[in-house]
Amino acid sequence: MTMEEKTFGTWLRGERRRLDLSRQVLANRAGCAEITLRRIESGTLKPSRELAQILLEQVGMREPELNRWVLYARGLSGYPIQPDGPTPAKVESNLPVFLTTFIGRAKEKKEIIDLIHRQRLITLTGPGGVGKTRLAGKVGEQILGEFSNGVWMAELASQATPELLPQTVAAVFDITTQSKISYLELLVNFLRPRKILLILDNCEHLPQACAQLAEALLKACPDLKILATSREALKVMGEAVYHVPSLGIPDEQATLEKYRQFESIQLFDERASLAQSDFGLTMENIPYVVQVCRRLDGIPLAIELAAARVDIFSIEQIAAQLGASFDLLTNGSRTALPRQQTMRGSIEWSWELLSDAERTLLRRLSVFAGGWSVEEAEAVCGGNGIESPQVANLMTSLAAKSLVSVNQAVGKERRYSLHEMIRQFAQDKMEMEETENTCRLHLSYFLKFSEQAETALHGPDQLDWLTRISEEQDNLRAALNWASRTDTEAGLLIIGRLSGDLDLCEGLDWVTEFIGKPESHKYPQARAKARLAHANYLWELQQFDNARAAVEESLALFRGCSDREGEFGCLMTLGSIAQFVESMDRKVEYHGQALALARSLGDTQRQAQALSGLGWDRRDADRSTKYWEESVALYRLAGDWRVLAFLLGIFGDTLLANGETKKAQVLLKESLELNLRLKSKSGMEFVLVARSRQDLMNGDFAQARAALHEWIGLAEELGNRMGLLYARTRLGYVALCEGSLEEGYQILCETAFQFQKDGSQNGLAFTMEKLAHYFVLTTMHERAVRLIGWADAVRERTGEIRPRIEQADVEVDFAMCIASLGKVGYTNAYNHGRGMTPEEAVALALEEKGD
């Protein structure tokens, strides 16, 4: 069948199957009967404009192509043949997909797009419910192709803490940090080289913080544009303010077709048809529809709420009840209502029409922050008058009445949310006892959620759980806030279980708050878990002494509770600390104990973790390889792909550094593929380090630099301080090899100072070896030999073996120094270096150059 002969029904059936959707599922999403969709696919029925638009949106069609596809669907044009030439690359976006059509606003979209072309900050203002969010999203869809790095929406309605605003926006781009680097700085670094339209939605909650963030980002990122929605302007220099008007309302008698041209009437008609399939505008009911739209000032959300009631009331009844309700709200005043009062009046009217069960559920749903699933609603809102099986039906009813919003990205579970005005309204309706009970159930659910996640994050379902944790960030914050006021034990457990997958800065604040509560000592097991999380946070920041104090308390508490799994985690953390501040022997001791414990538990994943730790001891290369090979096999068995990807990178880079190139490339290739599939940034460390190492060996300095810079950017974002410092040392060495001696020297001096500050003996020794190479290149041979002597002494003491390729480089430096100093001079300088303190070594490397 040629494209010209292809019917819309045939095309739609193919798209539905491509998305793995049954006919019933797509029909449900489109709000039509399954038989209707069957007839469309068979070609015996042409869909209406509204239904065609919904169906096209559900299979991923976006403007500007949407209109011509609607014409094709209705049989008014041929197949929209793509122009010759390569298909353009898909531009990324996180714009939400709504299950109802977007009505009108052509004039507003054009005007806003014109502003975007001329200005860099545009704020859409207007009262709640006027449609700012949907309009911003539609504008974003229409000009998506103009922004090579996409259009992204940051939803701020559930955010009430100004300090967390940059973090909330950063999460849109999957930016996390495990350090004290500010989210603002990370956002700037991410956005500066990109051409992006950023939509900041619902800024009225944090107007000053949003204004400051927008101004900072726009000043630092030349190709960034921001489209904000707010009930008031941000008042930032250069801001273009666009007041979003209400939908047009007829003000005079007209024909039915004339009435249909008004967007408020179109919206009422379309939403009423969803509530009652046989609804239609007639000359008999149109005066009452006009009356309703006028009474509601053309505010889209208010109109939707009213239209959703045609299933139980006539249009005449709706118009009469609205009039009575608004008169009551204004003490009988007939003067025009302010729009904000109109919106609240509309919600109040809809509220009064709900059944007791619907009101109860709506109140309880307001406890959720950032949305919820059916399962979550059943767990949190069921009981006390509402049986859990009733929740889904009641929620469907609330959605049909436009009080609950439904959103579903392709391939993801359907999630629900409340418009912020409705959420605030419902919360105001809750009595204290109901609030406390619902918040308690919300906390209980996410406490159980954290328990499930703790295990699932190390198994084959980890990718799904990472997505779930990302989606539930606002709910987890809400749960922790409630725990902070009412349940210290629950807070300790949640932060202890999810610490590895929460942002470090925020997580560190939470864990510090909970362990600082005197009552935390009443819950030894929960405190032990939180203290271990605390230790790991401090370890990430290279605060070794504080980390050791935290983990030692945790270990004592776990042993007191006979919690052997907790004891295992403490032993692993103690070993990680020992590797960098004590010796490899101490690390092996701790990780050997951990391995014995994991084997006694029969725990595959923990055995893999302990074996991976033992593999770092490279004093016996064959034994190290054996440990890592066994660890890799066990991680595969456990289905822990994230850690497997990281370990394959370490293993591959180690083999490459020891000259086993062929085997290394196999491991590194798999590591790269896994990390890309998992979207793991941390797992890319050794893949990129190995890439740089290989490029350096091939003499491709530019590519060696590029790989290191890529990892340095990720390390800064992740807060991986040690990985960052090692990469900086490697970058300094690449500069030396390239001939950029002063650049390399400055980088290495800065890194040496930071390693000394952190107390990392191994890191400092690694850097001193590279500084020694600089002094060889600048013929300061005695200083070079002293630094190598000091580094050798550290490596012997700590058990950190120099890889074969790096050892070969050092031996070349040795030969040049011996040729210059003679064997006696070389030996004296070397022995002198071995006896230096770290402070003396750093001072020698950083002192004014010249023998």
Open item on the list: Going by average Cβ density within 10 Å per residue, which order do the peptides 285-294, 762-771, 361-370 take, highest to lowest?
Closed with: 762-771, 361-370, 285-294
Open item on the list: Tell me whether segment 356-430 comes out rounded, prolate or oblate; compute the Cα gyration tensor, take square roots of the eigenvalues as a ≥ b ≥ c, and use a/c under 1.5 as the rounded threshold.
Closed with: oblate
Open item on the list: Explain nothing, just the number: dipole magnitude of segment 640-719 about its Cα centre with +1 on each Lys and Arg Cβ and -1 on each Asp and Glu Cβ, in debye rounded to the nearest 20.
Closed with: 180
- [ ] Take 283, 153, 343 and order them by how many other Cβ atoms sit within 10 Å, fewest up front.
- [x] 283, 153, 343
Open item on the list: Beyond a 20 Å Cα-Cα separation, which of these cross-linked pairs lie in this structure: 626/681; 107/132; 587/662; 626/770; 138/219; 138/258?
Closed with: 626/681; 587/662; 626/770; 138/219; 138/258
- [ ] Could you tell me which Cys residues in the chain have no other cysteine's Cβ under 4.7 Å from their own Cβ, answering none if every one has a partner?
- [x] 32, 221, 293, 381, 439, 505, 561, 570, 737, 749, 817
TODO: Can you pull the one-decimal nm distance between simple spin-label points at residue 804 and residue 661, each 7 Å off the Cα toward Cβ?
DONE: 1.2
TODO: Would you please put 815-828, 722-735, 114-127 in order of how densely packed they are, using the mean number of other Cβ atoms within 10 angstrom per residue and starting with the highest?
DONE: 722-735, 114-127, 815-828
Task: Alpha-carbon centroid distance for the pair segment 204-261 / segment 519-593, whole angstrom - done: 51
- [ ] Identify the GluC sites (Glu not before Pro) of segment 375-404 meeting these criteria: DSSP loop state and at most 13 other C-beta atoms within 10 Å of the C-beta.
- [x] 387
- [ ] Using a 10 Å cut-off on Cβ atoms, rank the peptides 747-760, 643-656, 772-785 from the highest mean neighbour count down.
- [x] 643-656, 772-785, 747-760
- [ ] Calculate the dipole size of segment 356-430 relative to its Cα centre from +1 charges on Lys and Arg beta carbons and -1 charges on Asp and Glu beta carbons; express the result in debye to the nearest 20.
- [x] 200
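Every read-out reported here was derived from the displayed coordinates using simple, explicitly stated rules and does not represent laboratory data. As the structure is a prediction and not an experimental result, all values here were calculated from the model. A quick note on method: Cβ atoms are made from the backbone with ideal geometry, for glycine too, and the neighbour counts reach across all protein chains shown.
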